[in-house]
Structure formats: structure tokens, C-alpha cells
1. Any residue at all in region 42-49 that is under 26 Å from GLU156 (Cα atoms), assigned to a helix (DSSP H, G or I) and of a type in the set (Lys, Arg)?
2. Against the definition (under 24 Å from TRP73 (Cα atoms) and not in a helix (DSSP H, G or I)), how does ARG145 come out, yes or no?
3. I'm trying to understand the selection: among the residues of region 13-22, which are more than 14 Å from GLY66 (Cβ to Cβ) and either surrounded by 17 or more Cβ atoms within 10 Å (Cβ to Cβ) or touching a residue at least 40 places away in the same chain (Cβ under 8 Å) (or both)?
4. Would you confirm, using the coordinates I've provided, whether GLY30 is modelled with pLDDT of 85 or more, among the small types (Gly, Ala, Ser) and not assigned by TED's automatic domain parsing to the domain that holds GLN134?
5. Return the residues of region 131-184 that are over 20 Å from the mean Cα position of the chain (by Cα) and touching a residue at least 60 places away in the same chain (Cβ under 8 Å); say none if nothing qualifies.
6. In this structure, does GLU144 turn out to be on the phi > 0 side of the Ramachandran plot and in contact with a helix residue (DSSP H, G or I) (Cβ under 9 Å, 6 or more places away or on another chain)?
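The values are calculated or read from the model by the stated rules, or taken from the named source; none is laboratory data. Quick caveat, the model's predicted, so the values are computed rather than measured. Virtual Cβ from ideal backbone geometry, glycine too; neighbours counted across all protein chains shown.
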Amino acid sequence: MAEQSERALIVEVRARSVTAFEDLMKSYEGLVYRTCFGYTRNRDYALDVTQEVFVKVYEKIASFRGSGSFKGWLLRITHNESLNWIRSRARHGEHDELTTANSPDLEARQENDLSQQESRDLIGTALLHLNPRQRKALTLRYFERMSISKISSLLECSEGTTKNILFRSLRKLRDQLVPHWRET
């Protein structure tokens, strides 16, 4: 989307134009969904979090100052809402219910699903121990598959600094996760 038309849409959304909000939402729904899916690893949960993100954007659009990019502001909200979702699930000890069916390999699939969910939970918890800048860099690089140059632009730092942030973040995650995976 061209920056001028995006800014015009933002002005209209601030005036509570639902049509303008829908246009803005359509432009970014794929990006927001993919980012949410990177955190939730579940289609339904990602859709729920995506919906929460756009509700928050609609409520908070007046706080967007325009000094940075709208995309960066939107991604910040997306990451925060995704982390809120992870925290909420961890707080409530929620796990996906296992379905029963008459399949001979159901138990193996359930064990694999449970193992994958536990791994996602561990990674999600480990991500919470990173500072917001590290979390954002890792998510953009490994869940969104963005280039170093795009990430450095969003983080407003040099490519060298971005690489350093990614290196330190991965090392910190590894230090937190390796002891858990050695136990299993």
C-alpha cells in the first residue's frame, strides 16, 4: 500500500470510518495472522489473536503518532497481543484437549501433539524472558522470515546491531531451553 493512501486511510479511521478500517485491515491481515500463528502455532488461536489485534488497533488508532511506520506500530501491537495470549494460557494452565477417536495410531498422534504443544509452550515461555526488542527481532526473522535489512529498519538500528541482537537472543533462548530438552 502506498504510504500516502495508507495515511489517508488512517485519517479516515480516526474519524471512525468503518470502510477505511476494513481497507486498512485487508492490507495487513495476512501479516498479522502469520505473526500470530508464529506465536500460537494453531489456526484458530491465531485467528482469535488476529481479531484482538484489529480490535486494539481500532480502539488505539488515535494514539498512532505517525512518526514511525504504521506497519511497525501494528506489529508492536501484534507481538504484544500474542504475548498476552501466551501469558494467559500459561496463567490458566490451558492445554488443547485431546480428542478421542477409533484410530489405531491415535495414541502416537496424541503424544506427538502433546510433545509439540509442550515445546511451543517452552519456547513461548522462553521468549517472555527476552527483552521486547530481542523478542521482536526473533519473531520477525524466524516467524515472519524478514530480511536483516527490513528488521533493522523496523528496529531503527544498523544491520550489524540487528545481527548482534539476533545472535544474543538465540544464545539466550538456547541457554534457557537446552536444560529442559536434556531432561526429556
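1. no
2. Here the answer is yes, as ARG145 does meet what is asked.
3. Answer for region 13-22, where residues must be more than 14 Å from GLY66 (Cβ to Cβ) and either surrounded by 17 or more Cβ atoms within 10 Å (Cβ to Cβ) or touching a residue at least 40 places away in the same chain (Cβ under 8 Å) (or both): ALA20, PHE21.
4. yes
5. Passing the criteria: none in range.
6. Numbers: on the phi > 0 side of the Ramachandran plot: no; in contact with a helix residue (DSSP H, G or I) (Cβ under 9 Å, 6 or more places away or on another chain): yes.
Spelling it out, it is not the case that GLU144 is on the phi > 0 side of the Ramachandran plot and in contact with a helix residue (DSSP H, G or I) (Cβ under 9 Å, 6 or more places away or on another chain).
For (1) modelled with pLDDT under 90; (2) touching a Gly at 6+ places or on another chain (Cβ under 6 Å); (3) assigned by TED's automatic domain parsing to the domain that holds ARG41, each residue gets a yes or a no:
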{"residue": "SER88", "(1), (2), (3)": "yes, no, yes"}
{"residue": "ASN102", "(1), (2), (3)": "yes, no, no"}
{"residue": "LEU114", "(1), (2), (3)": "yes, no, no"}
{"residue": "GLN117", "(1), (2), (3)": "yes, no, no"}
{"residue": "HIS129", "(1), (2), (3)": "yes, no, no"}
{"residue": "ARG168", "(1), (2), (3)": "no, no, no"}
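Every residue, every condition in (1) under 23 Å from GLN134 (Cα atoms); (2) of a type outside the set (Gly, Ala, Ser); (3) outside the structural domain of LEU140 (by TED's automatic domain parsing); (4) in contact with a Cys (Cβ under 8 Å, 6 or more places away or on another chain), yes or no:
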| residue | (1), (2), (3), (4) |
| --- | --- |
| SER5 | no, no, yes, no |
| VAL18 | no, yes, yes, no |
| TYR39 | yes, yes, yes, no |
| SER69 | yes, no, yes, no |
| THR78 | yes, yes, yes, yes |
